[in-house]
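The block underneath contains the structure these notes are about, expressed in structure tokens.
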Amino acid sequence: MEYRRLGSTGLKVSEISLGSWLTTAGYVERENAEASIHKAFDLGINFFDTANVYMRGEAEKVVGSVLKGYQRDSYVLATKAFWPMGDGPNDRGLSRKHVIEQCNASLERLGLDYVDIFYCHRYDKETPLEETLRAIDDLIRQGKVLYAGVSEWTAEQISEAVHLADKKLLDRIVVSQPQYNMFERYIEKEVIPVSEKHGIGQVVWSPLAQGVLTGKYKIGEEAPKGSRAADENSKKMISGHLTEEKLQKVEKLKGVAEENGITVAQLALSWILRQDNVSSAIVGASSPDQLEETVKASGVKLSAESIERIEDILQN
């Protein structure tokens, strides 16, 4: 496993990180979810991602219970707040009340005194940006949060937050968590350039396009048993990628992967990690064995020729 700095900070995170959105306290048996976290440590992953909204706090409880067995300084942990955690008018968003209360609730579920990264899970148009930034700055000053981050914010929103933080002498955002994969590349145009300018690193989610970029789905064939597309609860999340056009591109990408001696999933991850602004790619695992192959993408350097061939496949 290789490690990268989180943006311009001194914090180093594994190039591959383990998420818990669809794989902890939800669609995967708890035993496998816990075993995957242990396997991640064995493979050199030191970066773990969760959120309060994942199964309404249950994912945090599972992650926290496993991490108790490890020294706190041996891993980097991120959680988030924004999405509804109740039916009340203040049970959502990025108001000072919701941010402070949800951070405290997350720490209780995780069984920790602090989290390394606290993300604003989306941008809140109903709350003044200064209110949100000041609340997170207070959490940082209290030692409950070490670094501030945002998820799925536009380049304009990120720029506004950076300039406001500088003006008000508040802690800056240092990490952005957007979706990024071979089929979802919108961050390349504005988010990455703005982030590079301000020292903000990307920690990307869905790097394998919900599993489509593993190559396990075939045109005209039923989804493999146990896969996301075969599960009634999760298949709607992947349906947008299961088009004939995209599956044809995956078939072509397999050729490039084979020439490089890697799997198509490893190709997809190494293609993401070609971006210097990407600090880490979050993967999920329904079993520990999946991580064995996934982490081999760390350190893979694609040639200019391979990148050019990939670009041609993706654009045509």
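The values are calculated or read from the model by the stated rules, or taken from the named source; none is laboratory data. On a predicted model such as this, the values are computed, not experimentally measured, just so you know. FYI the Cβ positions are ideal-geometry reconstructions off the backbone, even for glycines, and counts take in every protein chain you see. Accessible surface areas use protein heavy atoms only, side chains included; no ligands, DNA or RNA. Shrake-Rupley method; radii C 1.70, N 1.55, O 1.52, S 1.80 Å.
Against the 2.2 N^0.38 Å scaling, with N counting residues, where does the chain land? I'd like the Cα-based Rg ratio to two decimal places.
Working: Rg = 19.1 Å, N = 316, 2.2 N^0.38 = 19.6 Å.
Its radius of gyration relative to the 2.2 N^0.38 Å reference: 0.97.
Picking from Leu43, Val76, Asn181, whose Cα lies most toward the positive end of the charge dipole for the chain (charges on Cβ: Lys, Arg +1; Asp, Glu -1)?
Val76
Accessible area per residue, 1.4 Å probe, Å², for segment 1-88: what's the number? The partial results should precede the final answer.
Details: 3610 Å² over 88 residues.
Spelled out: the 1.4 Å probe surface of segment 1-88, per residue, equals 41 Å².
Which residue fluctuates most in the GNM of the chain (Cα springs below 10 Å): Ala281, Ala161, Ala105?
With Cα springs under 10 Å in the chain, the top fluctuation among Ala281, Ala161, Ala105 is at Ala105.
Determine the distance separating the Cα centre of segment 26-60 from the Cα centre of segment 79-122; give it in Å without decimals.
Result: 18 Å between the Cα centres.
Dipole of the chain, Cα-centred, from +1 at each Lys and Arg C-beta and -1 at each Asp and Glu C-beta, to the nearest 20 debye?
Values: 39 positive and 48 negative charges, 70 e Å.
Dipole of the chain, to the nearest 20 debye: 340 debye.
Cβ under 15 Å from Arg92's Cβ, Arg92 left aside: what net charge do those residues give with Lys, Arg +1 and Asp, Glu -1?
Values: positive: Arg56, Lys80, Arg96, Lys97, Arg122, Lys125; negative: Asp87, Asp91, Glu101, Asp124, Glu126, Glu131.
Here the charged neighbours net out to 0.
In the neighborhood of Ser36, defined by Cβ-to-Cβ distances under 12 Å, what is the net charge if each Lys or Arg adds +1 and each Asp or Glu adds -1?
Working: positive: Arg30, Lys39; negative: Glu29, Glu31, Glu34, Asp42, Asp289, Glu292.
My count for the surroundings of Ser36 gives -4.
Could you work out the local net charge near Ser159, counting Lys and Arg as +1, Asp and Glu as -1, over the other residues with Cβ closer than 10 Å to its Cβ? Provide the component values of the computation, followed by the final result.
Numbers: positive: Lys197; negative: Glu156, Glu160, Glu190.
Spelling it out: positives minus negatives among the neighbours equals -2.
On C-alpha positions alone, give me the angle between the axis of helix 304-315 and the longest principal axis of the chain, in degrees, nearest 10.
Relative to the chain, helix 304-315 is tipped by roughly 90 degrees.
Give me Rg over Rh for segment 68-146, both radii from the alpha carbons and Rh done the Kirkwood way, two decimal places.
Using Cα coordinates only, the ratio equals 0.98.
How large is the helix-only mean residue ellipticity at 222 nm for the chain, computed as the sum of -39500 (n - 2.57) over DSSP H runs with n ≥ 4, divided by its residue count, in deg cm²/dmol to the nearest 500? Could you put the intermediate results ahead of the total?
On the way: 11 runs with 121 residues, N = 316.
Computed mean residue ellipticity for the chain: -11500 deg cm²/dmol.
Multiply the residue gap between Leu169 and Arg185 by 0.36 nm, knock off their C-alpha separation, and tell me the result in nm, one decimal place. If you can, show how the numbers build up before the last one.
On the way: separation 16, 0.36 × 16 = 5.76 nm, distance 3.28 nm.
Contour length minus Cα-Cα distance gives 2.5 nm.
Name the lysines eligible as straight-distance cross-link partners of Lys254: C-alpha to C-alpha under 22 Å, and not fewer than 8 places from it in the same chain.
Partners found: Lys216, Lys218, Lys225, Lys246, Lys296, Lys301.
With a Förster radius of 45 Å, plug the Cβ-Cβ distance of Tyr3 and Glu244 into 1/(1 + (r/R0)^6) and report the FRET value to the nearest 0.05. Numbers along the way, then the final one.
On the way: r = 39 Å, r/R0 = 0.86.
With R0 = 45 Å, the Cβ-Cβ based efficiency is 0.70.
P(r) for segment 240-283: what percent of alpha-carbon pairs falls in each 5 Å bin, starting at zero?
All Cα pairs, binned at 5 Å, distribute as 5, 21, 23, 21, 21, 9, 0 percent.
For helix 30-42, what angle does its Cα long axis make with the longest principal axis of the chain, in degrees from 0 to 90 and rounded to 10?
Tilt of helix 30-42: around 90 degrees.
Each residue of segment 276-287 in turn: what ³J(HN,Hα) in whole Hz from Karplus with 6.51, -1.76, 1.60 and θ = phi - 60°, glycine and Pro shown as x?
4, 6, 7, 8, 7, 10, 7, 10, x, 8, 7, 8
Using a 1.4 Å probe, how large is the accessible area of Tyr54, given in Å² and rounded to the nearest 10?
Estimated to the nearest 10 Å², Tyr54 gives 20 Å².
What percent does the relative contact order of the chain come to when contacts are Cα pairs within less than 8 Å and at least six residues apart?
Working: 567 pairs, mean separation 64.1, N = 316.
Averaging sequence separation for qualifying contacts and normalising by length gives 20 percent for the chain.
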